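*Asks:* Please read through the structure below; I'll follow up with questions.
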Amino acid sequence: MELHAAIRRALLTWYQREARDLPWRRTRDPYAVWVSEVMLQQTQIATVVPYYLRFLSAFPTVERLARAPLEQVLELWSGMGYYRRARNLHLAARQIMRHFDGRFPADYRAARALPGVGEYTARAVLSIAYNQPYAALEGNGARVTARLFALKGRVSERGFRLPAQQHLEALLARRRPGDFNQAVMELGQTICLPSTPHCGVCPLSHWCAARRLGAPASFPQPRPRRATERCHLAAAVILPPSIVKQSPGRRRRLTGDETVLLVKGLDEGLLNGLWNFPSAFGRSPAHAFARLRHRLAAFVSQPVDWLGGACRARQQLKHGITHRAIQVRLYQGRAAADSSESAQWFSLGDVEGAAVSQLARKIVRQIQGGRLGVGSA
Ligand code: SF4
C-alpha cells in the first residue's frame with residue numbers, strides 16, 4: 001500500500017506541474033471529454049487539437065451532434081481517418097438524446113452499451129467527467145504499468161491485461177481518478193516513450209522495476225507486426241464531356257473543366273460514406289484498371305472517353321490505408337453521369353471542405369499542382 005501511495009503521489013505532483021494545456025483538459029463536460037477520447041484513439045494529439053476545436057464549435061452539444069446529418073459529421077472528421085469512430089459518435093449521440101435526455105450516461109453499463117464506447121472510453125469519460133473511481137487502461141498506461149512492475153507478455157494478451165488492470169486499480173487516486181488517468185497517459189506520451197523512455201527525468205524512476213533490470217524499452221513485449229500487403233489501385237479522374245455538339249472542324253467546350261466525379265466509398269468496403277474518385281483494387285495494374293472500368297459502368301451513362309487511350313495511367317502515387325501499401329495509378333477521362341446518392345459532381349475547389357477521403361485529397365493536390373492535365377483533355 002505504501003508503495004502504491006508513494007507512486008501515486010509522485011505521479012500526481014508531477015502531472016500538476018507538467019501537464020500540457022490541451023483544450024479538452026479545460027473542461028469536465030462529459031460530451032466534450034467523450035469527443036476528445038474518441039478522437040484520441042488512433043490519432044496523435046497534435047492532429048486532434050484543430051479537429052476537436054472545429055468539431056466542438058460546429059456541434060457544441062450532444063443535441064447539435066445528434067441533429068446534424070452524418071455527411072456533415074464526416075466532413076468535419078475528414079482527414080483524421082478511422083471514420084467508424086465518427087459514425088459511432090453520431091449514432092451514440094442520437095441514442096443519448098433518445099434515452100438519456102441529451103447527457104452522456106454516468107452509469108458504466110449504460111455508457112458501455114453506446115456504439116463505439118469500449119471499456120477504455122467508458123472508464124475515461126466516467127473518471128474525468130464524473131469523478132468516478134475507474135482506472136482506464138490504454139496503450140500509454142499499459143506501457144507505463146508494464147515497466148513499473150516489469151509485467152511479462154503482450155498488451156493484447158489477457159495474461160498481461162489482467163495484472164496490468166489490477167496494478168492500475170491499486171494505484172488509482174480515488175479522489176482524483178480523472179487526473180490520475182490523464183497523468184498516466186501524459187507520462188506515457190511525454191516521458192515513458194515506446195523505444196526511448198526518458199528515465200532520467202521520470203518521476204517514477206525510483207520505483208521502476210524495468211529500469212532496475214536495465215532494459216525498460218523491452219517492456220511490454222512488442223506485438224508481432226502485421227505484414228504489409230502491397231496492392232494496386234486504379235483511380236479515375238472523370239471530367240464531364242467536353243463536347244456538347246460536334247460539327248466538322250469545330251469543337252465547343254463545356255465549362256466546368258474543374259468538375260470531377262466522386263463516388264461514395266473506395267472499394268472492397270473501404271471508406272464507405274466518404275467521397276472518393278471512382279477506384280478499384282486489383283492483383284496487377286491491368287487487373288485494377290479492368291475492375292475500375294467495370295465499376296464505373298454503374299455510374300456513367302456512356303463509355304468513358306479515356307485521355308491518351310484506355311489503360312494509360314496519367315500519374316502514380318503511393319498511399320497507405322491501415323496495413324495496405326497501395327500503388328495508385330490515376331487514369332483520366334470524360335463521361336456523362338447523373339448525380340445520385342452514390343455519385344456526384346464536385347467542383348475541385350469544394351472537395352477540400354467535403355466528406356472526402358485522404359486519398360481523394362491527395363489526388364486533388366496532384367491535380368491542383370498541375371501534375372495531372374485536368375482541363376487539357
Ligand atoms: S523509469 Fe523509465 S521505464 Fe520506468 S516508468 Fe519512468 S520512463 Fe518509464
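*Asks:* Specify the residue that is nearest to the ligand (Cβ to nearest atom); the eligible residues are those in the stretch 204-215 that are open to solvent by 10 Å² or more (accessible area, probe 1.4 Å) and farther than 18 Å from Arg9 by Cβ. Outline the logic, then answer.
*Replies:* Of all residues in the stretch 204-215, those open to solvent by 10 Å² or more (accessible area, probe 1.4 Å) come to 205-209, 211-215.
In the following step, the residues that additionally are farther than 18 Å from Arg9 by Cβ were identified as 209, 211-215.
Working: Ala209: 8, Arg211: 4, Arg212: 9, Leu213: 10, Gly214: 11, Ala215: 9 Å.
Looking at the filtered set, the residue picked out is Arg211.
*Asks:* Residues in the stretch 292-309: is at least one at pLDDT below 85 and either surrounded by 13 or more Cβ atoms within 10 Å (Cβ to Cβ) or closer than 26 Å to His90 by Cβ (or both)?
*Replies:* Yes, the stretch 292-309 contains at least one residue that is at pLDDT below 85 and either surrounded by 13 or more Cβ atoms within 10 Å (Cβ to Cβ) or closer than 26 Å to His90 by Cβ (or both).
*Asks:* As an exercise: evaluate Glu157 against (1) crowded, with 17+ Cβ neighbours inside 10 Å; (2) at pLDDT below 95 and give the number of the one condition it does not meet.
*Replies:* With (1) crowded, with 17+ Cβ neighbours inside 10 Å; (2) at pLDDT below 95 applied to Glu157, the lone miss is (1).
*Asks:* Oh, and also: Just to be sure, is Ala19 surrounded by fewer than 16 Cβ atoms within 10 Å (Cβ to Cβ) and farther than 21 Å from Ser127 by Cα? Break it down stepwise before answering.
*Replies:* Details: surrounded by fewer than 16 Cβ atoms within 10 Å (Cβ to Cβ): yes; farther than 21 Å from Ser127 by Cα: no.
Judged against the criteria, Ala19 is not a match.
*Asks:* Oh, and also: Pull out all pairs, ordered by first then second residue, where Cβ-Cβ is under 6 Å, the residues are six or more apart or on different chains, the first lies in the stretch 217-233 and is within 11 Å of Arg154 (Cα to Cα), and the second is open to solvent by 90 Å² or more (accessible area, probe 1.4 Å).
*Replies:* Short answer, once both residue conditions are applied: Arg223/Ser156.
*Asks:* Follow-up question, since we're still on this one. What about Arg161, is it of a type outside the set (Ser, Thr, Tyr), within 22 Å of Gln41 (Cβ to Cβ) and either part of a loop (DSSP other than H, G, I, E, B) or within 10 Å of the ligand (Cβ to nearest atom) (or both)?
*Replies:* Numbers: of a type outside the set (Ser, Thr, Tyr): yes; within 22 Å of Gln41 (Cβ to Cβ): yes; either part of a loop (DSSP other than H, G, I, E, B) or within 10 Å of the ligand (Cβ to nearest atom) (or both): no.
No; evaluated as a whole, the condition is false for this residue.
*Asks:* Can you report the number of residues in the stretch 318-357 which are assigned to a strand (DSSP E or B), in contact (Cβ under 8 Å) with a residue 60 or more places away in the chain and either assigned by TED's automatic domain parsing to the domain that holds Thr43 or under 27 Å from Tyr82 (Cβ atoms) (or both)? Spell out the reasoning first.
*Replies:* Here is the first cut: in the stretch 318-357, the ones assigned to a strand (DSSP E or B) are 318-321, 324-334, 337, 343-347, 356.
With the extra rule that they be in contact (Cβ under 8 Å) with a residue 60 or more places away in the chain, the set shrinks to 319, 324-334, 337, 343-347, 356.
Checking the rest, the ones that are also either assigned by TED's automatic domain parsing to the domain that holds Thr43 or under 27 Å from Tyr82 (Cβ atoms) (or both) come to 319, 324-330, 343-344, 346, 356.
So the count comes out to 12.
*Asks:* If you don't mind, there's one more thing I want to ask. Collect the residues in the stretch 57-79 that are part of a helix (DSSP H, G or I), closer than 20 Å to Ala355 by Cα and not aliphatic (A, V, I, L, M), keeping them in residue-number order.
*Replies:* The initial filter retains those residues of the stretch 57-79 that are part of a helix (DSSP H, G or I), namely 57-58, 62-67, 70-77.
Going one step further and asking which of them are closer than 20 Å to Ala355 by Cα, we end up with 57-58, 64-67, 70-77.
Of everything in the stretch 57-79, those that are part of a helix (DSSP H, G or I), closer than 20 Å to Ala355 by Cα and not aliphatic (A, V, I, L, M) turn out to be Ser57, Arg64, Arg67, Glu71, Gln72, Glu75, Trp77.
*Asks:* Still on this structure, please answer the following. Which ones in the stretch 218-237 are touching a Gly at 6+ places or on another chain (Cβ under 9 Å) and either farther than 25 Å from Leu271 by Cβ or among the acidic types (Asp, Glu) (or both)?
*Replies:* Step one: of the stretch 218-237, the residues touching a Gly at 6+ places or on another chain (Cβ under 9 Å) are 220-221, 228, 231-234, 236-237.
Pro220, Gln221 - these are the residues of the stretch 218-237 that are touching a Gly at 6+ places or on another chain (Cβ under 9 Å) and either farther than 25 Å from Leu271 by Cβ or among the acidic types (Asp, Glu) (or both).
*Asks:* Continuing with this model, one more query. Restricting attention to the stretch 166-203, and to residues there that are surrounded by fewer than 19 Cβ atoms within 10 Å (Cβ to Cβ) and closer than 16 Å to Gln132 by Cα, which single residue is nearest to the ligand (Cβ to nearest atom)?
*Replies:* Within the stretch 166-203, the match that is nearest to the ligand (Cβ to nearest atom) is Ala170.
*Asks:* Just to verify a result, which residue in the stretch 105-135, among those that are polar (S, T, N, Q) and in a loop (DSSP other than H, G, I, E, B), is least open to solvent (accessible area, probe 1.4 Å)?
*Replies:* Taking the stretch 105-135 and keeping what is polar (S, T, N, Q), we get 121, 127, 131-132.
Right, trim to in a loop (DSSP other than H, G, I, E, B) and you get 131-132.
Values: Asn131: 82, Gln132: 44 Å².
Per the criteria, the residue is Gln132.
*Asks:* State all residues of the stretch 80-104 that are farther than 19 Å from Thr47 by Cβ and assigned to a loop (DSSP other than H, G, I, E, B); if no residue qualifies, say none.
*Replies:* Those that are farther than 19 Å from Thr47 by Cβ and assigned to a loop (DSSP other than H, G, I, E, B): Phe100, Asp101, Gly102, Arg103, Phe104.
*Asks:* Condition test on Glu258, is it acidic (Asp, Glu), open to solvent by 50 Å² or more (accessible area, probe 1.4 Å) and touching a Leu at 6+ places or on another chain (Cβ under 7 Å)? Even if it seems obvious, please write down each step before you answer.
*Replies:* On the way: acidic (Asp, Glu): yes; open to solvent by 50 Å² or more (accessible area, probe 1.4 Å): yes; touching a Leu at 6+ places or on another chain (Cβ under 7 Å): yes.
Yes; evaluated as a whole, the condition is true for this residue.
*Asks:* Is there a residue in the stretch 36-47 that is over 13 Å from the mean Cα position of the chain (by Cα), assigned to a helix (DSSP H, G or I), at pLDDT 95 or above and buried (at least 17 other Cβ atoms within 10 Å of the Cβ)?
*Replies:* No: zero hits.
*Asks:* With respect to Trp345, determine if the residue is of a type in the set (Phe, Trp, Tyr) and surrounded by fewer than 17 Cβ atoms within 10 Å (Cβ to Cβ).
*Replies:* Numbers: of a type in the set (Phe, Trp, Tyr): yes; surrounded by fewer than 17 Cβ atoms within 10 Å (Cβ to Cβ): yes.
Answer is yes for this residue.
The values are calculated or read from the model by the stated rules, or taken from the named source; none is laboratory data. Note that the coordinates shown come from a computational prediction; the quantities given were computed from them, not determined experimentally. Cβ atoms come from the backbone with ideal geometry, glycine included; neighbour counts cover every protein chain shown. Note: accessible area is taken over every heavy atom of the protein model, side chains too, but ligands, DNA and RNA are not part of it. Shrake-Rupley method; radii C 1.70, N 1.55, O 1.52, S 1.80 Å.
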